[in-house]
1. What ranking do 67-74, 112-119 get when scored by the average of other Cβ atoms within 10 Å per residue, highest first?
2. Quick one: putting +1 on the C-beta of Lys and Arg, -1 on the C-beta of Asp and Glu, what dipole do you get for the stretch 85-196 around its Cα centre, in Debye to the nearest 20?
3. Using the Cα centre of the stretch 1-101 as the reference point, and only Cβ charges (+1 on K/R, -1 on D/E), how large is the resulting charge dipole? Debye, rounded to the nearest 20.
4. How big is the dipole moment of the chain about its Cα centre under a simple scheme where the beta carbon of each Lys and Arg is +1, that of each Asp and Glu is -1, and everything else is neutral? Debye, nearest 20, please.
5. Once phi is turned into ³J(HN,Hα) by the Karplus curve 6.51 cos²θ - 1.76 cosθ + 1.60 with θ = phi - 60°, what whole-Hz value does each residue of the stretch 171-178 show in order, with x for glycine and proline?
6. Determine one quarter of the surface area of the Cα convex hull of the stretch 85-222, which equals its mean projected area, and express it in nm² to one decimal.
7. Once label points are set 7 Å from the Cα along Cα→Cβ at both Asp177 and Val3, what is their separation, rounded to one decimal in nm?
8. Hey, what do the phi angles of the stretch 15-28 turn into as Karplus ³J(HN,Hα) couplings, whole Hz, using 6.51/-1.76/1.60 and θ = phi - 60°, x for Gly and Pro?
Amino acid sequence: MVVLWHCLDARSFRALWALEEIGLPYRLEMLPFPPRFLAREYLAINPLGTIPLMMDGEIRMTESAAICQYLADRYAGPPLAVGREEPAYAAYLNALHFGEATLTFPQTIVLRYGQMEPPERRLPQAVTDYARWTLGRFRAFEEMSAGAEYACAGRFTMADISIGYAVMLARFAGLADELPEATRCYFDRLAARPAFLAAKAAQRLAWDEKKAVRAPPTQTTT
Ligand SMILES: N[C@@H](CCC(=O)N[C@@H](CS)C(=O)NCC(=O)O)C(=O)O
């Protein structure tokens with residue numbers, strides 16, 4: 001069975017959403033964020049300390065877009081994957097990796113130096129600059145996709161999971177209102193998918209169960 005190490009709404013959400021789209025059985029291993037500091041034992045199985053980590057038997061992967069590509073190729077094929085023989089194959093690969101490498105990367109600076117670091121280590125100038133850079137990239141995506149319903153191939157594919165997650169993160173980064181209109185509609189369409197909602201519910205349930213297991217027994221006062 002596929003095992004996915006995951007933190008709530010982190011990049012590993014791409015893999016979780018992909019598993020739900022395919023309907024493949026999986027086991028979720030929830031971690032507190034960031035595991036590098038809050039779950040040091042995780043470093044023994046992933047020295048990078050990052051999530052996702054996905055294991056499928058002997059196979060071990062740590063890149064969220066690559067995991068989506070692998071799962072679709074191995075367990076689903078088209079329509080979730082775009083086949084090599086299809087005209088949109090190159091556009092599919094490009095969009096799949098664009099979602100992580102181009103749209104997600106600059107947001108990590110916005111999140112880290114705007115929300116995650118303690119106040120004395122925050123960098124407002126970096127946040128402003130990288131937020132502007134991120135939004136410029138979303139505007140370019142909007143122009144490139146010219147209002148198309150999906151990123152490529154005229155249908156929902158793993159590329160939409162990759163890009164859709166980048167939009168989801170931009171919302172967490174506080175950029176929701178500044179995203180281009182068509183990008184906001186694109187995300188609303190993706191977020192209404194049953195598999196997206198199932199992934200959200202699965203992570204919440206797994207996290208609540210983990211917290212319940214780790215919580216100390218309730219004290220009764222005398
Ligand atoms: N390119 C990788 C990035 C993985 C990554 O940096 N994940 C973040 C969470 S969204 C993480 O684990 N950060 C914690 C850390 O670096 O310690 C991917 O797409 O999976």
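No lab work stands behind these numbers, since they all come straight from the coordinates. In this text, all values refer to a predicted model and were calculated from it rather than measured experimentally. Because the Cβ atoms are built from the backbone with ideal geometry, glycine has one as well, and the counts that use them run over all protein chains shown.
1. Values: 67-74: 21.8, 112-119: 12.4.
Most protected by this proxy first, the peptides run 67-74, 112-119.
2. Details: 11 positive and 14 negative charges, 58 e Å.
That gives a dipole near 280 debye.
3. On the way: 8 positive and 12 negative charges, 59 e Å.
Computed charge dipole of the stretch 1-101: roughly 280 debye.
4. Values: 24 positive and 25 negative charges, 118 e Å.
It comes to approximately 560 debye.
5. 5, 5, 7, x, 9, 3, 6, 9
6. Numbers: hull surface 49.0 nm².
Mean projected area for the stretch 85-222: 12.2 nm², to one decimal.
7. 4.5
8. Result, ordered by residue: 5, 5, 4, 4, 4, 5, 4, 6, x, 8, x, 8, 10, 9 Hz.
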